[in-house]
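Structure record follows, encoded as structure tokens.
The values are calculated or read from the model by the stated rules, or taken from the named source; none is laboratory data. Worth saying up front: this structure is predicted, and the values here are computed from it rather than measured. Methodologically, a virtual Cβ is constructed for each residue, glycine included, from the backbone with ideal geometry; neighbour enumeration extends over all protein chains shown.
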Amino acid sequence: MNHKIKSIIPQLLTLLFVVAVIGFFTINAQLNMDERGIDFGYGFLNQESSFDVQFSLIEYDGSHSYAKAYLVGLLNTILVSVLGIIFCTIIGVIIGIARLSPNYLIRNTAAWYVEFFRNVPLLLQIFFWYYAALRALPLPENTEPLFGVTYLTVKGYYIPRLIWENFDILIYSILAAIISIMFIRNYARKLQEEKGQQLPVLLISVGLLLAFPAITFVTGMVQLEVALPVLKQLSKTSFIYAEGLSVPPELLALVLALSLYTATFVAECVRAGVQGVSKGQKEAAASVGLTPNQILKLVIMPQALRIIIPPTTNQYLNLTKNSSLAAAIAYPDLVLVFAGTALMQTGRAIEIVSITMLTYLTLSLAISLLMNWYNKKIAIKEK
Amino acid sequence: MLRTLKTLMYLLTSVALLVSFETGAMAAKKSKTLKKTQKMGFVRCGVSQGLPGFSNADASGNWTGVDVDLCRAVAAATLGDSGKVKFFPLSAKERFTALTSGEIDVLSRNTTWTLSRDADIGLTFVGVNFYDGQGFMVRKSSGITSVNQFKAGVSACTNLGTTTELNMRDFFNSKGIKYEPVTFEKADEVVAAYDAGRCDTYTTDKSGLAAQRIKLSKPNDHIVLPETISKEPLGPVVRQGDAVWEDIVRWSLNVMIEAEEYGITSANADSMKSSDNPAVKRLVGAEGELGAAFGLDNDWSLRIIKQVGNYGESYKRNIADTGILPDRGPNQLWTKGGILYVPPAR
């Protein structure tokens, strides 16, 4: 009993302290806002925003509400984070493995890459890509096509636009493919456990993923048209590419900088992970007759991933939070659209900053949860 | 004898009480912000991060501009020295928060007076020190000579968090043109983006366009289109809730404008004390008790005129002589065909 109370008291005191601090700041803000005639409330979210955003994933213009503008900013933040995470993982894994290469040139190039990009501040790298690299691109009318149908210009990267008909059916077909792949994998595992036979699971999976959507095309359920970028004259010396899709240079610069920077950390995680698996494991696996591919897939990677995942989660979180540097180069992310323009137009600093902070917190927690779930899945299951 | 002494004492105490009551009333007249300013010894003034003609710092950190002069006028009136100003360069995004949170006491940063800003967010606009309107700048080579020649797909660079963003939408919407807004936080970034060809047009207040044009790599390759798409009355702003401070800032501006109207300049202000015109005498503190209303001495307005100059002097020094906008346009006195008209200081 006595022991119980002893352990509860410090916790109670901590709780009281936290409540008191929060209470103090709330009351302080309340008093000051009252004194200055500022009212508090989230009602403004329903008001018409009356400003436009350069780039949006959903339909939006100034006649929509501030809540919609928030959503536009949030989706743009998620877009740049997801792209950044995908690219930094790809680059990071390649560089990380390259650092372990027996080839002197490859190993050292990778090491230089890591040391260089890791040690230059991220904001500077964003500025470099945006102000130095992408600003040096030609104007639309002087641009030679890249890959035949895309144009990389100072005003953006113009790519063909895909116009789908019945896009949802395509999604369903892919979902169906994924579900059948899961069944086949289960079946393959059973087959191996019971009879020792092996199915070419990877080949079958790829085949299914291609076949299901292909069927929807062949039967004409889904149709696809491609709209190519066409040069359009706006004035005597000003051109753009219309019809196609335009990826703003701000997004390009941000994804480039974020993924190249974060990739160095991911590379180090990968290197540490692979090096963390003792040599004996590989030798033992080889001695029982596994092929090099199987060794990597069944012995090395499962153990390496356990070391790689937790620190890599941190890097993903960093990338997501660093994406807020977008505001420095006019990419309309959450900070620029909501904590920038919307805050300015409404003047509701406390409301908007609190929403923005909560949003980043939620995003980070979501990534954390996802990665923790994955980490648990691949952790050693002790029986 | 003792009784007389007692009566005398009584009288003296009551007089002392009365006097202290009187000064108490005087002190009550003083605003909290004024008290704080006098205690600190400088006026905290929010300005832009560099807009020639309005608020711009030179290489050695000296601020000049008409917005800067307004803060200097407030310092001259309240502290007796126009040099006692601490400048806070703020981005458009930071400016109102800096004011409402009490980091600065006057915001004099080419800020447009609108209803929602005035009424909604704890701010009070005290007047207009520059009548402006939004315009567009384009490359001469584009052949565009009017806003009616813009076509769908046009990209427009501008500042984040300004009325410009809203006007731009209204304008392009009314023309039915789809456009691409590219918004930066700092004016320098907007200029750089436009200069590099990222945008087809740069839009902001016309005075701003004229001032920023100088910063472009080849100023003569660019023109400001003739059309004005909005009203932009720019003026100083104070925090809500300190009516006396609000009055001090308002009348510091009004005195500068009225001094020009009566021909009082920094050079002749002292000699104007012997003027025959009572309005002039009031402005230079030779008649009336105008300062008392704010809890200031009677030379407050004289100091503004002597140390900062009248509005015309400030305009000439900062905007006309620097080649930004030699023509005063609407920012001329009402007696000379402009719209500068202030209530009488009496």
- Query: Quick one: would you say A:ASN318 is touching a residue at least 24 places away in the same chain (Cβ under 8 Å) and among the polar types (S, T, N, Q)?
  - Reply: yes
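How many residues, within region A:29-59, are within 28 Å of B:THR183 (Cα to Cα) and assigned to a helix (DSSP H, G or I)?
4
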- Quick one: is B:GLY135 crowded, with 24+ Cβ neighbours inside 10 Å, at pLDDT 90 or above and away from chain A (no Cβ under 14 Å)? yes
- Where B:PHE150 falls short, out of the listed (1) more than 24 Å from B:THR111 (Cβ to Cβ); (2) away from every other protein chain (no Cβ under 12 Å); (3) among the aromatic types (Phe, Trp, Tyr): (2)
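I'd like to check something: does region A:288-308 contain any residue that is over 23 Å from A:SER368 (Cα atoms), under 16 Å from the mean Cα position of the chain (by Cα) and either assigned by TED's automatic domain parsing to the domain that holds A:THR89 or of a type in the set (S, T, N, Q) (or both)? Working first, answer last.
Taking region A:288-308 and keeping what is over 23 Å from A:SER368 (Cα atoms), we get A:288-300.
If we keep only those that are under 16 Å from the mean Cα position of the chain (by Cα) as well, we get none.
There is no residue in region A:288-308 that is over 23 Å from A:SER368 (Cα atoms), under 16 Å from the mean Cα position of the chain (by Cα) and either assigned by TED's automatic domain parsing to the domain that holds A:THR89 or of a type in the set (S, T, N, Q) (or both).
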- Go through (1) out of contact with any Ser or Thr (no Cβ under 8 Å at 6 or more places or on another chain); (2) outside any helix (DSSP H, G or I) one by one and return the number of the condition A:TYR241 breaks. (1)
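So which residues in region A:60-73 are in a loop (DSSP other than H, G, I, E, B) and either more than 9 Å from chain B (Cβ to nearest Cβ) or β-branched (Val, Ile, Thr) (or both), if there are any at all?
From region A:60-73, those in a loop (DSSP other than H, G, I, E, B) are A:60-64; that's our starting set.
Selection gives A:TYR60, A:HIS64.
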- Would you check which residues across region A:136-161 are closer than 20 Å to B:SER142 by Cβ, free of Cβ contacts under 8 Å to residues at least 40 places away in the same chain and surrounded by fewer than 18 Cβ atoms within 10 Å (Cβ to Cβ) and list them? A:PRO138, A:ASN142
- Query: Counting only residues that are within 11 Å of chain A (Cβ to nearest Cβ), surrounded by 17 or more Cβ atoms within 10 Å (Cβ to Cβ) and closer than 21 Å to B:THR183 by Cα, how many does region B:112-132 have?
  - Reply: 1
